[in-house]
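Asker: Provided herewith is a single structure, encoded as structure tokens, for subsequent inquiry.
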Amino acid sequence: MATSLPFFKIGLDPGILDTTKFVGWQDSVYKLAILLHNSFGNEETDTLLYFNRIANAMRKGDRHVYLTRKLLSQKQLQEAKTWPILRLGRFKGGLVVEKLHNKRHYPFQDLASITLGRMANDTVGIRGLEYSFNTHLRGRDGYILAQKVAGKSYIPLDQYGQEHSEDGYDVVTTLDVDIQDMVEKALKRGVDKNQAKFGTAILLETRTGKIKALANYPDNYNYAVAMRMEPGSTIKLASAIAALEDTLLDVCDTVDTGDGTIKYDDWEIRDGYGYGKIPFEKVFAKSSNVGMSKVIFEGFGERPSRYLWYLEQFGLTEPVNRQLVGEPEPDIIRPGDKMWNITTLPSMSYGYSMQVTPLQLATFYNAVANEGTLMRPWLVKEVRDDSRILKQYGPEVINEEICSEATLWKIRDMMEQVVEYGTARNINNTPFRIAGKTGTSRKTRGGQYVKEYRASFAGYFPAENPRYTCYVLVDEPQGEYYGASVAAPIFKEIAQQVYKFDWKMAKEPKKKHTRPIGQPNAKGVFATHAKKVYRELGITTSEVGDSVEFVRARTNGHQVNLTAMKISEDRIPNVRGLNGRDALLMLEKLGVQVSLKGYGTVRRQSLLPGYRIGKNTQITLYLG
């Protein structure tokens with residue numbers, strides 16, 4: 001995406017040419033003048049100008065004359081060395097070649113330019129990867145002894161030797177050129193449409209944390225990495241996980257949001273509507289500030305450090321990348337700080353009184369998509385010296401498990417509900433499912449909140465098997481300013497284009513390989529059935545007690561590990577991944593009335609895991 005190309009100046013040492021022995025030198029000089037004019041001339045020059053420049057220098061006995069003021073590329077230099085007189089070389093034809101500093105060339109023009117960085121004089125990196133990896137990229141300057149001659153020119157003294165320069169190393173990034181182009185264009189269209197100040201978008205590969213695209217528009221500052229901001233309602237994902245994980249309530253428990261207002265001391269929090277008494281899952285889907293602040297304040301008001309501990313588990317209290325220089329520390333107010341007061345915790349619960357970067361927030365959302373594993377985002381794969389790998393980077397885990405599996409399944413369902421019937425229902429018309437959360441936050445000037453906004457949307461796709469996590473932020477949109485109406489459509493456009501691009505790649509015929517066929521990898525199964533099937537297939541499994549009815553099966557490529565599923569007698573279990581028969585058997589044992597729709601394994605259940613089982617509880621399982 002960026003490379004250095006050498007450029008040269010060519011001159012002539014007329015003293016080398018012995019015109020007494022050089023028969024027809026005028027004709028050769030004239031032919032050279034024609035080629036110089038055709039290659040480097042303009043409307044103000046002619047062949048005679050170049051001829052006189054060389055002839056006059058020869059007549060005066062000058063030791064050096066530049067043949068053109070223009071710089072030559074490597075290709076142009078090689079062509080010039082075939083021209084009359086110059087083809088004779090340094091010692092017979094007087095050709096003098098000066099290699100100047102390399103010049104940065106960008107084959108994809110401005111694509112990801114602020115991420116790649118900027119150069120000073122094409123030699124020193126001052127931003128982005130150019131700065132962060134400058135010691136690898138720069139290489140080493142060379143030198144050559146030269147004699148100063150008339151006209152403030154220099155003639156290289158090759159006979160006294162020289163020290164050659166050394167090229168810098170190659171830095172290989174994780175960016176996908178096609179995806180980067182899609183993300184940049186979608187972001188530009190969204191920012192222009194909303195007449196916004198700027199926008200930023202990040203696309204991560206879910207399983208590895210690779211940064212596949214990092215876009216800023218206008219591309220004059222890396223907002224994604226270097227800008228701290230109050231995240232607004234996108235932080236409600238952290239608050240919801242903390243509440244569920246700390247068993248403050250469950251998804252189906254009711255929260256009284258009243259008329260949509262609540263006061264903490266003299267500070268009032270408002271919702272757009274008064275929702276009254278609604279289940280916690282709807283507090284999240286409808287993005288109720290009142291409901292979320294009430295849950296967090298009542299649950300953590302006496303122990304705010306516990307809430308901050310959860311933010312630490314989610315990777316929201318420290319920088320997350322180790323490759324791009326310039327990422328600031330999150331600004332988190334803590335108990336005991338001068339700024340901490342009774343309003344701080346409820347304010348933090350829905351995205352104020354704290355500042356994080358877009359990359360830090362995207363990394364947290366990626367952990368939810370990645371089955372709870374928090375991956376460090378990375379932009380550089382390798383440092384190479386031509387084909388030799390000097391340093392290699394790969395996926396790095398920050399936190400193996402940000403929350404329990406039960407909480408994870410609940411929160412992922414809640415994120416899907418945001419798109420199904422919540423604040424982002426306007427993007428619920430794609431051929432694949434999206435899970436995410438909208439965000440809208442007011443900006444501050446001089447310590448006071450003003451009526452200027454940031455709209456954002458964070459999520460992942462496809463929701464059932466996430467491959468990519470994406471975060472989009474638009475600053476100061478004009479007219480509509482909500483995350484749902486400004487940022488979510490940009491997210492949707494990015495997701496659709498990337499999904500189509502990935503689908504085309506998946507359609508390509510797979511290469512044949514010699515690896516053995518993988519073992520079955522069921523997410524959940526009736527223990528008796530599992531043991532029988534694996535035994536018939538001759539597959540080794542781990543041992544589980546005879547009293548265990550249901551197990552989860554995971555394969556490591558060598559054997560199947562069976563672990564007992566934890567099932568509460570008064571709560572709906574997570575049956576996604578089980579085949580319809582096993583899920584039916586499990587739920588009916590708990591006294592739940594089950595309806596099945598479709599065939600195959602359970603893809604979705606109408607009651608979320610953790611829902612309290614009561615008399616005549618009914619559930620619908622959607623199979624596929």
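What follows draws every value from the coordinates through simple rules; no lab data is involved. Computed from a prediction, not measured in an experiment: that's the story for all the values here. Here the Cβ positions follow ideal geometry from the backbone for every residue, glycine too, while neighbour counts run over all protein chains shown.
Asker: May I ask which of K185/K451; K286/K615; K210/K531; K193/K294; K70/K92; K338/K437 have a Cα-Cα span longer than 26 Å here?
Answerer: K185/K451; K286/K615; K210/K531; K193/K294; K338/K437
Asker: May I pose another question? Under 15 Å Cα to Cα from K282, which aspartates and glutamates show up? Leave out anything in the same chain fewer than 8 places away.
Answerer: In chain and number order, the partners are D250, D253, D256, D271, D413, E416, E420.
Asker: Applying the Karplus parametrisation 6.51 cos²θ - 1.76 cosθ + 1.60 with θ = phi - 60° to the phi angles of region 270-286, what ³J(HN,Hα) value in whole Hz is obtained for each residue in order, glycine and proline being reported as x?
Answerer: Ordered by residue, 3J(HN,Hα) equals 10, 9, x, 9, x, 8, x, 8, 9, x, 4, 4, 7, 4, 6, 5, 8 Hz.
Asker: If amide hydrogens are placed 1.01 Å from N in the peptide plane, which non-local residues have theirs closer than 5 Å to the one on L562?
Answerer: Placed amide hydrogens put S542 under 5 Å from L562.
Asker: Here's another thing I want to ask about it. Report the charge-dipole magnitude of region 221-336 in Debye, nearest 20, computed about the Cα centre from +1 at each Lys and Arg Cβ and -1 at each Asp and Glu Cβ. Let's see the in-between values first.
Answerer: Working: 12 positive and 19 negative charges, 42 e Å.
Computed about the Cα centre, the dipole is about 200 debye.
Asker: Mind listing the long-range amide H neighbours of F550? Cut-off is under 5 Å, sequence gap 5 or more, other chains count too, H placed in the peptide plane at 1.01 Å from N.
Answerer: Long-range HN contacts for F550: A527, M565.
Asker: Name the residue farthest towards the positive end of the dipole of region 351-471 from the options S353, V450, M375, assuming +1 on Cβ of Lys and Arg, -1 on Cβ of Asp and Glu, about the Cα centre.
Answerer: V450
Asker: So, by mean Cβ neighbours within 10 angstrom, what's the order for 435-448, 584-597, 281-294, 409-422 with the highest one leading? Intermediate values should be presented prior to the final figure.
Answerer: Details: 435-448: 18.9, 584-597: 15.6, 281-294: 25.0, 409-422: 22.4.
Peptide ranking by packing, descending: 281-294, 409-422, 435-448, 584-597.
Asker: Please turn the phi angles of region 84-97 into ³J(HN,Hα) values with the Karplus equation 6.51 cos²θ - 1.76 cosθ + 1.60 (θ = phi - 60°), one per residue in order, whole Hz, x for glycine and proline.
Answerer: Computed from phi, the couplings for region 84-97 are x, 6, 5, 5, 7, x, 5, 8, 10, x, x, 5, 10, 10 Hz.
Asker: May I ask for log10 I(q)/I(0) of region 177-335 at q = 0.14, 0.16, 0.19 Å⁻¹, from a Debye sum over the Cα atoms as equal point scatterers with solvent left out?
Answerer: For region 177-335 at q = 0.14, 0.16, 0.19 Å⁻¹, log10 I(q)/I(0) is -0.92, -1.07, -1.20.
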